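Each remark here refers to the structure printed beneath this line.
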Ligand code: IVH
């Protein structure tokens, strides 16, 4: 102990208090006091001190969230006070009955009121937990279990940043049991599943399972990777602290002690107040960052709560008003494939219509073939479908016990259901795609937008809106059709003046004169960007040999690996695409023949090491670098004896000076431009 300088000891204390204050502002007030980098810096500073003097580490230090040895089992913990459950109502009639019964009971207890005050809170769809603080320090956390006894998940709860390891405001009551709900925010849940899907791993069925599953990890490092959060809403045992006189005061006290509470909680009056809250939150539900499955109304006054008491395991002073179920059971009649704007084929289950999440659902997405195979969905299967908020309904899982004999498996079609082109599915990808590209009507708008874009054919004035109109009016199917448009046709479109129509036709005319790399890029072959187009153009020189190239020919081109080679080959093998290319050329699209590749030694800056400095006016530094490389130069960042040439723009400084000192040749930007031209 004495080996620790007192300055370090004080510093650690100051840092801990500061981090706790930052945590409070971030999690409880939802109003960060400092940017993330400042927070991280403080944590790292504290970590450094603790690493040097491990005896300074306290269990409630903000650095001690993970880093415990994995557990071998979950210890049973007895709750100090039992964790109750809630009774449910499913309609406004049932809710009205409930409210009437509350008033009658209060009457009988000589606590008559005109209207009951309730606190309404969202019913969070997560996992209930109970945390014990002794002397203000978090010591034990448990799952709800059977309500009397749960499992010790202290190590996992510590990893949730919004769980205070010490109470705020210097409070140190002897013992406090705090209850809340751990949940996985929707965004985190989606991202987590998306990643799992990409890796071919198991996905979570819903955010509630995700939260519960994440808490049941023996290794806290696993839990720490899950995006969990928590809202607190109740107290259990309470020693050394006065119990508040109402639920609204309780929520305020929780916040005061550093516990995050749900910002949607509201004090309301009477049955009508409950109903208004319910309707409002139901509308708002899709915008909430977390999943809820109803509303909880709690009689606000502690005195009234006491008078109302309990029935078996649920209090009479609270009730859950549930939303319509978001999951239902139904039968898969068929699976069809939809083609998206990028050509991706999405399997869609056609369902026996079922009422779920407040609407009738007859289609549900199966995402991709990997999902179909993992879930093993077959025609005629009974499945669980889920519709959460405005999210597209999805098939969650199959109930194998209900499978009819001989249920057929889902097969990926070999031809695009929209255009009949081939469907490609590379091994690395879960997604299957139509290679129809330019030809497939499902991909038409996307393909045309790309075709017209600046780095492709650069057709001024032909934007997404106009393309939508042209396709919707069926004036354009393929890029070649663009070059057959008549002035009246374009001018006849809504919100199209004669003048702007003429401008578009001019732009089309101008775009006919292009370059081979631009043309290739414009075709929109998968994963063939500008660089690859350049490489293909200079390697093959013209379209005929490229069209005929084998995959082996293609992989010998720089920037082209086996995957891209496959895309290129598939594209040119498709007869529709060949037709579109022929039509484009026939309509006048042309480019200068590629020059015979320049002999290496002929390049003007061949083998020279060049440094750019200062601000260039005619081009960006990236462009200049690309130009210089094309002239054979090696472009580096710093001036040394091995530098051959320095090109200096405006305000060139130390590099130019150094070049002068070393006697290196220096050029102005103009000199470079002369060389380029
Ligand atoms: S209060 C008497 N408040 O619902 C107190 N519970 O069906 C009982 N829940 O196990 C809990 N959101 O997991 C309460 N705002 C909220 C809640 C909530 C979700 C869950 C909790 C509980 C279950 C009871």
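The values are calculated or read from the model by the stated rules, or taken from the named source; none is laboratory data. Note that the coordinates shown come from a computational prediction; the quantities given were computed from them, not determined experimentally. Reconstructed Cβ throughout: ideal geometry from the backbone, glycine too, with neighbour counts over all protein chains shown.
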Single residue of the range 423-451 satisfying the filter (under 27 Å from the mean Cα position of the chain (by Cα) and assigned to a strand (DSSP E or B)) that is surrounded by the fewest Cβ atoms within 10 Å (Cβ to Cβ) | 424
Test residue 383 against the criterion of being under 30 Å from residue 445 (Cβ atoms) and either in contact with a helix residue (DSSP H, G or I) (Cβ under 9 Å, 6 or more places away or on another chain) or not in a strand (DSSP E or B) (or both), and give yes or no.
-> no
First in the range 88-116 and farther than 18 Å from residue 272 by Cβ and in contact (Cβ under 8 Å) with a residue 12 or more places away in the chain, second anywhere and within 16 Å of the ligand (Cβ to nearest atom) and assigned to a strand (DSSP E or B), Cβ under 8 Å, 6 or more apart | 88/294; 88/319; 88/320; 88/321; 88/322; 90/321; 90/322
Residue match in the range 66-86 (condition: closer than 22 Å to residue 267 by Cβ and either within 16 Å of the ligand (Cβ to nearest atom) or not in a helix (DSSP H, G or I) (or both)) = yes
Just checking, how many residues over the range 532-542 are within 11 Å of residue 520 (Cα to Cα), in contact (Cβ under 8 Å) with a residue 40 or more places away in the chain and either under 39 Å from the mean Cα position of the chain (by Cα) or outside any loop (DSSP other than H, G, I, E, B) (or both)?
-> 1
Count - residues of the range 167-205 that are buried (at least 17 other Cβ atoms within 10 Å of the Cβ), at pLDDT below 95 and under 23 Å from residue 20 (Cβ atoms) | 2
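Of these, 278, 290, 284, which one is in a helix (DSSP H, G or I) and either within 11 Å of the ligand (Cβ to nearest atom) or modelled with pLDDT of 95 or more (or both)?
278 is the lone residue from the list that is in a helix (DSSP H, G or I) and either within 11 Å of the ligand (Cβ to nearest atom) or modelled with pLDDT of 95 or more (or both).
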Of the candidates 237, 191, 224, 210, the one satisfying the condition of being under 27 Å from the mean Cα position of the chain (by Cα) and within 16 Å of the ligand (Cβ to nearest atom) is 210
Positions within the range 122-163 being outside any strand (DSSP E or B) and within 14 Å of the ligand (Cβ to nearest atom), in sequence order = 125, 126, 144, 145, 146, 147, 148
Mind listing whichever residues of the range 497-521 are out of contact with any strand residue (DSSP E or B) (no Cβ under 8 Å at 6 or more places or on another chain) and crowded, with 16+ Cβ neighbours inside 10 Å?
-> 501, 504, 505, 507, 508, 511, 516, 517, 518, 519, 520, 521
Within the set of pairs 6 or more residues apart or between chains, which connect a residue that is surrounded by 14 or more Cβ atoms within 10 Å (Cβ to Cβ) inside the range 544-562 to a residue that is in a loop (DSSP other than H, G, I, E, B) with Cβ atoms less than 7 Å apart?
-> 554/560; 555/561
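Going through the range 302-347 one residue at a time, which ones are more than 30 Å from residue 392 (Cβ to Cβ) and more than 15 Å from the ligand (Cβ to nearest atom)? I'd like the intermediate steps shown before the answer.
Of the range 302-347, the ones more than 30 Å from residue 392 (Cβ to Cβ) are 302-319.
Across the range 302-347, the qualifying residues are 303, 307.
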